[in-house]
Amino acid sequence: MTPAAPDRPTACLALADGTLFYGHGFGATGQTVAELCFNTAMTGYQEIMTDPSYAGQIVTFTFPHIGNVGVNPEDDETGDPVAAGMIVKWMPTDPSNWRSVQDLDKWLAARGRIALGGVDTRRLTRAIRQSGAPHVALAHDPEGNFDVEALVAAARDFSGLEGLDLAKEVTCAQSYRWNEMRWAWPDGYSPQENPVHKVVALDYGAKRNILRCLASAGCDVTVLPATSGFEEVMAHNPDGVFLSNGPGDPAATGNYAVPMIRQVLDETDLPVFGICLGHQMLALALGAQTIKMNHGHHGANHPVKDHDTGKVEITSMNHGFAVDAQTLPNGVVETHTSLFDGSNCGIRVDGRPVWSVQHHPEASPGPQDSYYLFERFARAMAERAA
């Protein structure tokens, strides 16, 4: 059994406004600063912690049962956790799942990620919703010794995510090929042995399951670093270009990503498909603008309306910036909107196979209502080839 948590607090979360939350630490010891967000998903804490889009953020989990199924290497979205830390209501129990190979506490400790349990996450979530995503400092000390003034000062000194290019920090160092398809019972992951379409995927912080969905849709995927130029992209003679998810301020990443995308749009007729940060990169390349949201969208239960079909899709989301639909130029159509707040969730170029969505159609974890977008991308490449 997991030992009972000690009576004395061993972890402290300090908000920049001076608010303090005490609880019991697990995972790594030490201190980190970041932006604080909350995620409403009921499953998938391992995928969330390893999603590169969470770079620079600490995640508050609104669902209380975090850690109860342990962790396993198959569920990693990248090699190591990228989120700076995690906040949970209840301390993790011993894992109970046939796929588990390690408990959450040891997994976090081995990868240098701090966690805080025993916190009123409902109160913390309300504070984020009312005042916006705060800058915070999180400390874990088994002896329970905290310099509170220093923690608050560290939170106030955090520069925040606006103007910050984090894609360069999470992108691949060099190009690589990907052929692993989506997980399927009972074989797990299997390779794509008969790919049809050559796709170049720009890695702004790509999740593995996005690449698996591309492979499952018949794509031979070559992943390139975020800073790759037009010549590097075209050297692979692609049938289509994919723009991945990622962290940070899209305007900052756009300094080097937007010129490449504009050249693809201006000089080729290739299908282009973007997700999350890739959606924002495409919008910037087309002449739109992005804005910082109050607390963003993070969860696996977000309703999004498809304007073309009238359908409502239940989607997974993770973004703190959004495309400003009021700035979309002529010829660029808004295709999806959030039914929570009306914010933009998709665009397409009129008359061209160029589109993107803010939500995550690979849905790992979460519903698969939007998986058709990968099939649409494959169809667009097949139609161009024909």
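Here's the yes/no breakdown for (1) among the small types (Gly, Ala, Ser); (2) exposed (fewer than 15 other Cβ atoms within 10 Å of the Cβ):
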| site | (1), (2) |
| --- | --- |
| Gly310 | yes, yes |
| Val332 | no, no |
| Asp341 | no, yes |
| Ala363 | yes, no |
| Leu373 | no, no |
Q. In segment 319-360, which strands (runs of 3 or more DSSP E) lie fully inside it and hold 3 or more residues that are touching a Leu at 6+ places or on another chain (Cβ under 9 Å)?
A. 344-349, 354-357
Q | Members of segment 215-248 found to be β-branched (Val, Ile, Thr) and open to solvent by less than 10 Å² (accessible area, probe 1.4 Å), listed by number | A | Val221, Val223, Val233, Val241
Q. Which of the residues that make up segment 30-47 are out of contact with any Pro (no Cβ under 8 Å at 6 or more places or on another chain), of a type outside the set (Ser, Thr, Tyr) and open to solvent by 10 Å² or more (accessible area, probe 1.4 Å)?
A. Gly30, Gln31, Val33, Phe38, Met42
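Residue-by-condition table, conditions (1) hydroxyl-bearing (Ser, Thr, Tyr); (2) over 28 Å from Ala363 (Cα atoms); (3) not in a loop (DSSP other than H, G, I, E, B):
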site: Glu231; (1), (2), (3): no, yes, yes
site: Gly246; (1), (2), (3): no, no, no
site: Gly254; (1), (2), (3): no, no, yes
site: Pro259; (1), (2), (3): no, yes, yes
site: Leu265; (1), (2), (3): no, no, yes
site: Gly278; (1), (2), (3): no, no, yes
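Looking at Gly163, Gly144, Gly67, which is the one that is more than 21 Å from Met49 (Cβ to Cβ), part of a loop (DSSP other than H, G, I, E, B), at pLDDT 95 or above and open to solvent by less than 30 Å² (accessible area, probe 1.4 Å)?
Residue meeting the stated conditions: Gly144.
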Q | Condition check for Ser338: in contact with a helix residue (DSSP H, G or I) (Cβ under 7 Å, 6 or more places away or on another chain) and of a type in the set (Ser, Thr, Tyr) | A | no
**Q.** Checking Ala285 against (1) farther than 22 Å from Glu35 by Cα; (2) among the aliphatic types (A, V, I, L, M); (3) surrounded by fewer than 19 Cβ atoms within 10 Å (Cβ to Cβ); (4) touching a residue at least 12 places away in the same chain (Cβ under 8 Å), the condition it does not meet
**A.** (3)
Q) Is there a residue being in a helix (DSSP H, G or I), without any contact (Cβ under 8 Å) to a residue 60 or more places away in the chain and not acidic (Asp, Glu) anywhere in segment 203-221? A) yes
Q: Give the residue, chosen from Asp324, Asp350, Asp341, that is modelled with pLDDT of 95 or more and in contact with a Gly (Cβ under 8 Å, 6 or more places away or on another chain).
A: Asp350
Q: Restricting attention to segment 77-114, report how many residues are open to solvent by 70 Å² or more (accessible area, probe 1.4 Å), among the hydrophobic types (A, V, I, L, M, F, W, C) and within 20 Å of Thr62 (Cβ to Cβ).
A: 1
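From the list Ala133, Ala173, Ala154, Ala137, exactly one residue is within 30 Å of Ser244 (Cα to Cα), touching a residue at least 24 places away in the same chain (Cβ under 8 Å) and either in a helix (DSSP H, G or I) or touching a helix residue (DSSP H, G or I) at 6+ places or on another chain (Cβ under 6 Å) (or both). Which is it?
Of the residues listed, the single one that is within 30 Å of Ser244 (Cα to Cα), touching a residue at least 24 places away in the same chain (Cβ under 8 Å) and either in a helix (DSSP H, G or I) or touching a helix residue (DSSP H, G or I) at 6+ places or on another chain (Cβ under 6 Å) (or both) is Ala137.
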Q: Would you check which residues across segment 196-214 are surrounded by 17 or more Cβ atoms within 10 Å (Cβ to Cβ) and touching a strand residue (DSSP E or B) at 6+ places or on another chain (Cβ under 6 Å) and list them?
A: His197, Val199, Val200, Ala201, Leu202, Asp203, Leu211, Arg212, Leu214
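The values are calculated or read from the model by the stated rules, or taken from the named source; none is laboratory data. None of these values were measured; they are calculated from a predicted model. Don't worry about glycine lacking a Cβ; one is built from the backbone with ideal geometry, like all the others, and counts go over all protein chains shown. Ligands, DNA and RNA are excluded from the accessible area calculation, which covers all protein heavy atoms including side chains. Shrake-Rupley method; radii C 1.70, N 1.55, O 1.52, S 1.80 Å.
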